[in-house]
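These notes concern the structure reproduced below.
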Amino acid sequence: LAACGSAVGSRTQLPPRTVTGSFTSGDASLSYLLERPSGPGPFPAVVIGHGSGEVRKEAFGFLASNMIARGFISLRYDKRGVGDSTGQYSMVGFQNSVRMIAGLSNDMAAGAELLRSLPDVDRASVGLIGVSQAGWIIPLAAKKSRPAFMVMLVGPTVTVGQEIYYSRFAEETTTPFDELSKTLAAYTGPHGFDPRPVLEELTVPGLWLLGGADRSIPTIECVEILDQLIAAGKPYTRVVYPFSGHSLNGANIWPDIEGFLRRMKVMK
């Protein structure tokens, strides 16, 4: 991937704008798609994290294309055990969530190290971005890889058990959100992975983009946790789009992402 001299001594051949390959994380070989902006760099870069399910590297093209357009190298990869990646795939539930999220965060941290190994990447400007389930994965990956920033679209800050319980009562219903909050407050079941202790420890700046009409994750409770962490001095920012659901439909998220990245001084 390194730039090499061309036949004309005064010119340098730039690395290819699109590259596929694989990187290693533990016992898995993860198949990736890396895409560059035009120009010589050095560039800031992002690893794009997965939502739930059997996610392939071709997913989340809207994140990749928008970050590339803003001058970032983008790295996407097949989730372990999916597509061309080896390893064992499993759904995440409250019983296996601590183990699974630890493994998935190792994969994302390994992606950050791959980016830092590239000669046209600004090593101090590598970040993590992702959707939904990535909200649990990214903070733990950030603890391991110390990125410059993290951005989470509809990423939960509640426990895995709370999110599963909430979605059971909320998805495909019109139940008012205050009633859903009362239902969730009464939850006494298992919790599984809890991101809050990791978020309390981290010093990596983070941006959460949340939907006020989300029926997959409990936005009200996620915001309460974030506001408590912000009040305690953590470098976090949250934006709620009042009428958007879990897909952030109708929300103009990119001005908020751009503003955050400029404040982090990783985007011009």
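To keep it simple, each residue is scored yes or no on (1) free of Cβ contacts under 8 Å to residues at least 40 places away in the same chain; (2) over 18 Å from the mean Cα position of the chain (by Cα).
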| position | (1), (2) |
| --- | --- |
| Arg168 | yes, yes |
| Pro176 | yes, yes |
| Gly192 | no, yes |
| Thr203 | yes, no |
| Ala231 | yes, yes |
| Pro235 | yes, no |
Might you check whether a residue that is part of a strand (DSSP E or B) and touching a Cys at 6+ places or on another chain (Cβ under 8 Å) occurs anywhere in region 187-209?
yes
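Restricting to region 142-163, name every residue that is hydrophobic (A, V, I, L, M, F, W, C) and within 24 Å of Glu224 (Cβ to Cβ).
Of everything in region 142-163, those that are hydrophobic (A, V, I, L, M, F, W, C) and within 24 Å of Glu224 (Cβ to Cβ) turn out to be Ala142, Phe149, Met150, Val151, Met152, Leu153, Val154, Val158, Val160.
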Scanning for something of a type in the set (Asp, Glu), closer than 20 Å to Ser52 by Cβ and either assigned to a helix (DSSP H, G or I) or open to solvent by 20 Å² or more (accessible area, probe 1.4 Å) (or both), does region 216-226 turn up at least one residue?
yes
In region 231-257, residues that are in a helix (DSSP H, G or I) and over 16 Å from Leu210 (Cα atoms) total 1
Which residue, of Asp78, Asp107, is closer than 16 Å to Pro147 by Cβ, crowded, with 22+ Cβ neighbours inside 10 Å and among the charged types (D, E, K, R)?
Asp107
Listed by first then second residue, the pairs whose first member lies in region 112-138 and is over 21 Å from Arg263 (Cα atoms), whose partner is acidic (Asp, Glu) and open to solvent by 10 Å² or more (accessible area, probe 1.4 Å), with beta carbons under 8 Å and at least 6 positions apart or on separate chains, are none
For region 242-268 the number of residues that are among the β-branched types (Val, Ile, Thr) and more than 18 Å from Ala69 (Cβ to Cβ) is 0
Restricting to region 163-186, give me the number of residues that are in a helix (DSSP H, G or I) and open to solvent by 70 Å² or more (accessible area, probe 1.4 Å).
6
Here are some conditions: (1) open to solvent by 20 Å² or more (accessible area, probe 1.4 Å); (2) in a helix (DSSP H, G or I); (3) not hydrophobic (A, V, I, L, M, F, W, C). Thr86 meets all but one. Which one does it not meet?
(2)
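The values are calculated or read from the model by the stated rules, or taken from the named source; none is laboratory data. All of these numbers come straight from a predicted model, not from anything done at the bench. Virtual Cβ from ideal backbone geometry, glycine too; neighbours counted across all protein chains shown. For accessibility, only protein heavy atoms count, side chains too; no ligands or nucleic acids. Shrake-Rupley method; radii C 1.70, N 1.55, O 1.52, S 1.80 Å.
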